[in-house]
Amino acid sequence: MSGFPFDPTYGYSREALLRVGVPDEPDGFGEFWRGRYEDARRVETRPEVGALEEVRDGVRIHEVTFTSVGGVRLGGWLVRPAEGPVRRGFVIGHGYGGRDAPGPAVPLPLPGSAAILPCVRGMETRGRAPGTGTGTGTGIPADAPSHVLHGIRSRETYVLGDCVADLWCAASALRELLPESPAAPLAYLGESLGGGLGALALPWDDRFVCAALTVPTFGNHPLRLTLPCVGSGESVRAYHATHPEVTEVLPYFDAAAAATRIRVPVLVAAADADPSVPPPGQYAVHNGLREDLRTLHPLSAGHMEYAGEERERAQLAAALTEFAGAYM
């Protein structure tokens, strides 16, 4: 685990990681996010299913588009069983860099499942409106270091708030696309960026019955600002150095603070070493969850190649299947 100008464990043992604290939420935290959620639920998502792209692993994978807050039209993939009824649904977030295919999110954890895999605004490839070149028509840059700073001057304009809303609207779109299964339970799965956004989204949306967050970002911003990394957090650290007032905005987007409000079971796959998302921030998200609702799945590392990675990925997939099966 070398090759970086810093130790990707940041000097933390597993025991020390489990003691990482959670920042207090700022004044108006709940009111801010409940308002954002109510706005998102009022959106007419108008989902449209496009071309069939693949049939594999017992599912059919289609293009899909839907509308999110601000009238932004986003895309992604819709996954449905090739045969049989839909008994459950998943909203599956992605990491920074976006996604240009469903990738390892398919096969889904459980049979009889449907899923929507949205690209949040600004992200490759289907979070960018055709012909705009650099965003969704609202000037959102696609590269992670710039995307994470877009609108950061205020909590109302920060892009992460709209990205969370994109996940809520994706859930609405999925429900609309499953009229034959109106009571199907929903779960959220997200990794890295998708993990942090998921933690911010879950406290306010009672449509989700459980979630799994893998190497989640945005946990414990005060601590993150002290830790160098090679991920999007470094861009925020550099911005903070010349704009210290950003500490008035970041607390509203702290995934660890949000985790204290989550009231459904959550599996957190957190890494002991990670050069992109410092492990103390990942564990802060886990530590913020209510003790009786959290399940920890430790990983040796995240966002890097390491010995045993393939084996650990297989173990995580098995753990996700068992976890989701217990609550769906």
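The values are calculated or read from the model by the stated rules, or taken from the named source; none is laboratory data. Because the structure is a prediction, the values reported are computed rather than measured. Positions of Cβ are generated from backbone atoms using ideal geometry, with glycine treated the same way; all protein chains shown enter the neighbour counts.
Some observations on this one:
- When Pro145 is tested against the conditions (1) touching a residue at least 24 places away in the same chain (Cβ under 8 Å); (2) under 27 Å from Leu108 (Cα atoms), the lone failure is (2).
- Sole exception among (1) surrounded by 15 or more Cβ atoms within 10 Å (Cβ to Cβ); (2) closer than 20 Å to Leu17 by Cα for Tyr252, by number: (2)
- Residue match in the stretch 241-255 (condition: over 29 Å from Pro5 (Cβ atoms) and modelled with pLDDT of 95 or more): yes
- The stretch 70-89, residues that are outside any strand (DSSP E or B) and farther than 19 Å from Ala183 by Cβ: Gly70, Gly71, Val72, Ala82, Glu83
- Restricting attention to the stretch 54-91, the residues being charged (D, E, K, R) and surrounded by 15 or more Cβ atoms within 10 Å (Cβ to Cβ) number 6.
- In the condition set (1) assigned to a helix (DSSP H, G or I); (2) in contact with a helix residue (DSSP H, G or I) (Cβ under 8 Å, 6 or more places away or on another chain), Gly219 is compliant with all but (1).
- Pair list, Cβ < 8 Å and 6+ apart or interchain, from the stretch 42-53 residues that are at pLDDT 95 or above to residues that are of a type in the set (Lys, Arg): Leu52/Arg60
Per-residue answers, yes or no, for (1) in contact with a strand residue (DSSP E or B) (Cβ under 7 Å, 6 or more places away or on another chain); (2) closer than 30 Å to Pro278 by Cα; (3) not in a loop (DSSP other than H, G, I, E, B):
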position	(1), (2), (3)
Phe4	no, yes, no
Asp7	no, yes, no
Val22	no, yes, no
Gly30	no, yes, yes
Glu38	no, no, yes
Thr45	yes, no, no
Leu52	yes, no, yes
Val55	no, no, yes
Phe66	yes, no, yes
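- Residue count for the stretch 98-128 under the criterion of being among the polar types (S, T, N, Q) and crowded, with 22+ Cβ neighbours inside 10 Å: the result is 1.
- Residues within the stretch 256-299 that are among the hydrophobic types (A, V, I, L, M, F, W, C), touching a Pro at 6+ places or on another chain (Cβ under 6 Å) and under 25 Å from Leu186 (Cβ atoms), tallied: 5
- Candidate set from the stretch 219-249 (those that are over 22 Å from Gly198 (Cα atoms) and of a type in the set (Gly, Ala, Ser)); member that is surrounded by the fewest Cβ atoms within 10 Å (Cβ to Cβ): Ala241
- Residue list for the stretch 132-156, restricted to those being acidic (Asp, Glu) and either modelled with pLDDT under 95 or surrounded by 15 or more Cβ atoms within 10 Å (Cβ to Cβ) (or both): Asp143
- Of all residues in the stretch 157-200, those being free of Cβ contacts under 8 Å to residues at least 40 places away in the same chain and assigned to a helix (DSSP H, G or I) number 1.
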